[in-house]
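First comes the structure, then the notes that go with it.
Values in this text are rule-based calculations from the coordinates and carry no lab data. Everything numeric here is computed off the predicted structure, so don't read it as measured data. So basically every Cβ, Gly included, is an ideal-geometry build from the backbone, and we count neighbours across all protein chains shown.
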Amino acid sequence: MGSGVILSIDRQEIKEWLITILTALVLVVLIRTFLLDSRVVPTPSMVPSIQCWDRLFVEKVTHRVQGLERGDVVVFVPPIQSGLKDDLIKRLIGLPGDTVEMKDGKLYVNNEPQEEPYLAEPIQYEFPIITVPEGKMFVLGDNRNRSYDSHEWGFAELDSVKGKALFTYWPLNRMKYWR
């Protein structure tokens, strides 16, 4: 007879491993569903702030508790009129009641010119003054001249926001905290 290794299976150890794995899976599902999600950005619409294929964490809680502010980078469900299906990530420019206008290469919110150091380049189009309706938001990509956003398809629903950008974690040389 050859020598063999006898595997001893300890039922208690297997039970502990299964409980640990199950607990980890439940925590991952709860965290991803209610607190934090990971996103990959596949387009250049937010360049230079977010590059193509950057990976970032999106937190899903504070906008529900504290509300949204102009300048937040938000992930939201695109409006039907955009013809898009996948969630979008854009900068929140106008909230209900705000007026938005673009002229002479500059963005105006409530008739005030906006300082936007994050833009890829000056705006190369004009957009007539509009007022953001109740329950809506006006969003633009930071790469204004190459972004399919509110200046083309109109307003998005405020309640379509899934979360706010929290942290770019990949690639490592572009790590950034968004608050």
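Table for the structure above
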read-out: 5 angstrom amide H check on Asp54, placed H, neighbours 5+ away; value: Val41
read-out: Cβ-derived FRET efficiency at R0 35 Å, Leu27 paired with Lys106, nearest 0.05; value: 0.15
read-out: Spin-label zone in the range 70-85 - amide nitrogen under 12 Å from a point set 7 Å from the Cα of Trp178 along the C-beta vector; value: 71-76
read-out: Rg/Rh for the range 1-91, where both radii come from Cα atoms and Rh is the Kirkwood radius; value: 1.29
read-out: GNM flexibility winner over the chain from Lys60, Lys162, Lys85 (Cα, springs under 10 Å); value: Lys85
read-out: FRET efficiency, 1/(1 + (r/R0)^6) with R0 22 Å, evaluated for Glu115 and Tyr148 via beta carbons; value: 0.35
read-out: Exposure proxy ranking, count of Cβ atoms within 10 Å, fewest first, for Met175, Met137, Met102; value: Met175, Met102, Met137
read-out: Spin-label model distance (nm) - Asp159 vs Lys15, 7 Å beyond Cα toward Cβ; value: 4.7 nm
read-out: Gyration tensor (alpha-carbon) shape descriptor, the chain, a/c threshold 1.5; value: prolate
read-out: Tilt relative to the chain, helix 11-30 - C-alpha long axis, 0 to 90 degrees, to 10; value: 0 degrees
read-out: Given Lys106/Lys162; Lys60/Lys90; Lys60/Lys85; Lys85/Lys164; Lys103/Lys136, the pairs whose alpha carbons are separated by over 27 Å; value: Lys106/Lys162
read-out: At R0 = 35 Å, FRET efficiency that the Cβ-Cβ distance of Tyr125 and Ser38 yields, to 0.05; value: 0.60
